[in-house]
Amino acid sequence: MRTVRLGLRANARQFALLVALNALVGGLVGLERSVLPLVGERDFRLASHAAILAFVVAFGGAKAVTNLAAGALADRAGRKRLLVLGWLLALPVPALVALASSWWLIVGANVLLGASQGLAWSMTVVMKIDLAGPARRGLALGLNESAGYLGLAATAFASGALAGSVAPRTVVWAGALVIAAVGTIVAIVFVRDTGGHVAYEQRGHGERRPLPLGTAFAEASLRRPVLRACSQAGLVNNLNDALAWGLAPLYLAAHGASAAQIGAVAAVYPAVWGFLQLGAGWLSDVVGRKPPIVLGMLVQAAGLGLLVAGAGAFAPALAAAALLGVGTALVYPTLIAAISDAAEPQDRASLVGVYRFWRDAGFVVGALVAGFVADALGSGTAIALVAALTGLSGVLVAATPWELRPRRWAVSPTASWPTPPAGLRSGANDE
């Protein structure tokens, strides 16, 4: 018999393991951040920005659809099974990158990588929410997203630094092989499923069936103003992230930046983002979700504006990356926490999955917009357009009616609940 408790202290060991695992999830995609666009341009002789950014479209489309499926399947298939499947999907990626004879095999590898990220990252998010309980949800998500993006920043910087002496493609596939192998082993051997924590928390709301996926999709996309505002903000956030990932390295290279300088800019953005999420998640627990989201979107817009104003120079690009990181840190964990606040435990995975579908669809929209506008009007115009869209998104959130503080409730160990499932013994809520 294992006592099921909610709270960070009560689940510290498993929570810490999931934090470390998410650093590996982020590190896997970080390998591509500073060098893969240059591989397309230099190794495969691609002249079109839209063709190069096809790998971001493939990644984002696969990740968005998999997020949606993961949210719907989490309760039926189990969190751990989907987490392990996500890591298994990452295992072929290094071989595809290493052996690719055309750019479209690299694009295909990113379909697998996106599906892997959609399952693995989604499940680490949902499992941490399950473990943490409602009172520390923002902090838990700040820790999760911080670990993921600090891992991403570390590998983005390392790949950029190594690209001067090692073939960039070799850096990507060799690093991916190590990370995918370690992540798969950890997920299979050490992670425990958190379905029991969901069942325990749901008793505080009364027993009921989860929302069907179609209903959850409509709720998070259209019907409920707060969820709708979060979904559009998430989409625009990743729209500008797609630009930072796919177009910014090419923009800087066209203005004479070295691979090391591009790697530094590519690393500063997620490093600031990852580090500050530790405080941003906690801040949203204190002041409410809306103010950090609005401020974060406006700061991101300012960062992109500075990138254009700096005309590709290294120092302004570093400052722009830092601003973009600050803004994204305020937004990223807070949006997921806001979705979770509005969801009953039984519906949480589905509603978070819908939100993450829209958020990662931003990769597709951003890559398409940035690629085609850059080809037609230039990279600077594409960046300026995305900056304007980001600012408008923040204004839309500001105009949405919102509770000033997240809804709080406590699980009472003395409440009269139905008999627990076999094999579970409910313990007190320990926040």
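The values are calculated or read from the model by the stated rules, or taken from the named source; none is laboratory data. Just so you know, these numbers come straight off a predicted model, no measurement behind them. In this analysis, Cβ positions are derived from the backbone assuming ideal geometry, glycine residues included, and neighbour counts consider all displayed protein chains. Remember, those area values only see protein heavy atoms, side chains included, never the ligands or the DNA or RNA. Shrake-Rupley method; radii C 1.70, N 1.55, O 1.52, S 1.80 Å.
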Query raised in the report: Roughly to the nearest percent, how much of the accessible area of the chain is carbon and sulfur, given a 1.4 Å probe?
Result: 69 percent
Requested in this report: At 0.36 nm per residue, minus the direct Cα-Cα distance, what do Ala399 and Asp193 gain on full extension? Give it in nm, one decimal, please.
Outcome: 70.2 nm
**Report entry** Computed label-point distance, nm, for sites Ser101 and Val182 using a 7 Å Cα→Cβ extension
**Finding:** 3.4 nm
Report task. Note down the accessible area of Arg223, probe 1.4 Å, to the nearest 10 Å². Result -> 150 Å²
**Report entry** Where N is the number of residues in the chain, Cα Rg divided by 2.2 N^0.38 Å
**Finding:** 0.94
Report summary line: Once both label points are put 7 Å beyond Cα along the C-beta direction, the Ala12-Asp43 separation in nm becomes 4.4 nm
Query raised in the report: What order, most packed first, do the peptides 83-90, 349-356, 103-110 have when packing is the mean number of other Cβ atoms within 10 Å of each residue?
Result: 349-356, 83-90, 103-110
Report task. Just report the Cα centroid separation between segment 221-299 and segment 106-129, whole Å. Result -> 18 Å
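Would you mind putting 268-274, 382-388 in packing order, based on average other-beta-carbon counts within 10 Å, highest first? Each step should come with its number before you reach the end.
Details: 268-274: 25.6, 382-388: 20.7.
Top of the packing list down: 268-274, 382-388.
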Query raised in the report: In terms of the Cα gyration tensor, with a ≥ b ≥ c the square roots of its eigenvalues, is segment 246-328 rounded because a/c is under 1.5, prolate because a/b exceeds b/c, or oblate?
Result: prolate
Query raised in the report: Where a ≥ b ≥ c are the square roots of the eigenvalues of the C-alpha gyration tensor, would you call segment 59-158 rounded, which needs a/c under 1.5, or, failing that, prolate if a/b is larger than b/c, or oblate?
Result: oblate
Report task. Multiply the residue separation of Ala167 and Thr381 by 0.36 nm, subtract the distance between their alpha-carbon atoms, and state the gained length in nm to one decimal. Result -> 73.9 nm
Report summary line: By the C-alpha gyration tensor axes a ≥ b ≥ c (rounded if a/c is under 1.5, else prolate when a/b exceeds b/c, else oblate), the shape of segment 255-299 is oblate
Query raised in the report: Under a point spin-label approximation (7 Å from Cα along Cα-to-Cβ), what is the Thr3-Leu213 distance to one decimal in nm?
Result: 3.9 nm
